[in-house]
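The values are calculated or read from the model by the stated rules, or taken from the named source; none is laboratory data. The shown structure was predicted, so the numbers you read here are calculated from the model rather than taken from an experiment. All Cβ positions, glycine included, derive from the backbone under ideal geometry; neighbour counts span all protein chains shown. Side chains included, ligands, DNA and RNA excluded: accessible areas come from the protein's heavy atoms. Shrake-Rupley method; radii C 1.70, N 1.55, O 1.52, S 1.80 Å.
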Amino acid sequence: PRQITNQNLLILSYSNLTHSATQGPAFSSRETIYPNGSLLFVNVTKGDTGFYTLKEMFLELLKLPKPNITINNSQPMEGEDSLALKCEPEVNYATYLWRLNNQMIPDGDRLKLSNNNRTLTLFTVKRDDTGPYDDPLTLNISYGPDDPIINPPDTHFCPGTNLNLSCHADSNPPAQFSWSFNGRPLESTQELSVPNLSTNNSGSYVCVPHNSVTNLNRTTTKNKLVDPGAQYQVLGGVLIFWNQRGRSSFLAGHKQILSLPVPPAPSQRLSSCF
């Protein structure tokens, strides 16, 4: 085909990279160009008579710069903040696609893409929005603490044993823990130990996790009862009851010593209370 030597004769050009048309000096507002190279005239005139040249140019593929995601809030809080993620740099011949956890991100109630897909807005962020994204970028979303859980869940313990409690609550950043017993403050640790239990240790143990960023607290209470009853021990096939006053106890004037119809077993202390 003939070459366009006079650029003043250029009517329209179309780029398949940017999917856009560019008007030339000879454009009269009556022409439309299509992606396949077709040119449409409306309201043709005698002056439109002549030879037309279609020039097809193949451009060398351009290397895209490495993307970088910028955010407008470095530490958003769950349920409180919205977040705008922008892909940098701006490239007018590029198409922007977003992926979260290797999945394409569609528009939705909480997700909104700008017209050119360059900016992704997350409305009312959740902890599941952490990522990673394609940059790769992982968001630091503050949340919690959730309702704490105290372990073990047991409520009855024997005198003389040790009580070891631990408190867990999902939180970012990790929560700080404090304990109280019957309203009296105890240690500020995640785990609480009370050695050599007595009935004075019966009561309400409260764990309070605190998030220093969200400034939220949660509370859970466990009632622990130290049973003042007897323990028992197996000695040579004989079951011997113990209480706080001595080796054997009495019930209605009779010693609580029973012979067991089992072979003698090694001495072992059991942790049950009656």
How many residues are over 51 Å from the mean Cα position of the chain (by Cα) and either open to solvent by 50 Å² or more (accessible area, probe 1.4 Å) or under 17 Å from Asn92 (Cα atoms) (or both) if we restrict to the range 11-26? 1
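Given the criterion surrounded by 15 or more Cβ atoms within 10 Å (Cβ to Cβ) and at pLDDT 95 or above, identify the matching residue among Phe177, Phe241. Full working, then the answer.
Numbers: Phe241 fails: at pLDDT 95 or above.
On inspection, the qualifying residue turns out to be Phe177.
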Give the residue that is farthest from Leu216 (Cα to Cα), with candidates limited to residues of the range 65-86 that are open to solvent by 50 Å² or more (accessible area, probe 1.4 Å) and of a type in the set (D, E, K, R). Lys66
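Restricting the search to the range 109-133, which residues are assigned to a loop (DSSP other than H, G, I, E, B) and either of a type in the set (D, E, K, R) or open to solvent by less than 60 Å² (accessible area, probe 1.4 Å) (or both)? Before you say what the answer is, go through the steps one by one.
Let us first name the residues in the range 109-133 that are assigned to a loop (DSSP other than H, G, I, E, B), namely 109-110, 114-118, 123-126, 131-132.
Asp109, Arg110, Ser114, Asn117, Arg118, Val125, Lys126, Gly131 - these are the residues of the range 109-133 that are assigned to a loop (DSSP other than H, G, I, E, B) and either of a type in the set (D, E, K, R) or open to solvent by less than 60 Å² (accessible area, probe 1.4 Å) (or both).
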What's the total number of residues in the range 138-162 that are open to solvent by less than 30 Å² (accessible area, probe 1.4 Å) and under 14 Å from the mean Cα position of the chain (by Cα)? 5
Going through the range 91-106 one residue at a time, which ones are surrounded by 10 or more Cβ atoms within 10 Å (Cβ to Cβ) and at negative phi? Val91, Tyr93, Ala94, Thr95, Tyr96, Leu97, Trp98, Arg99, Leu100, Ile105
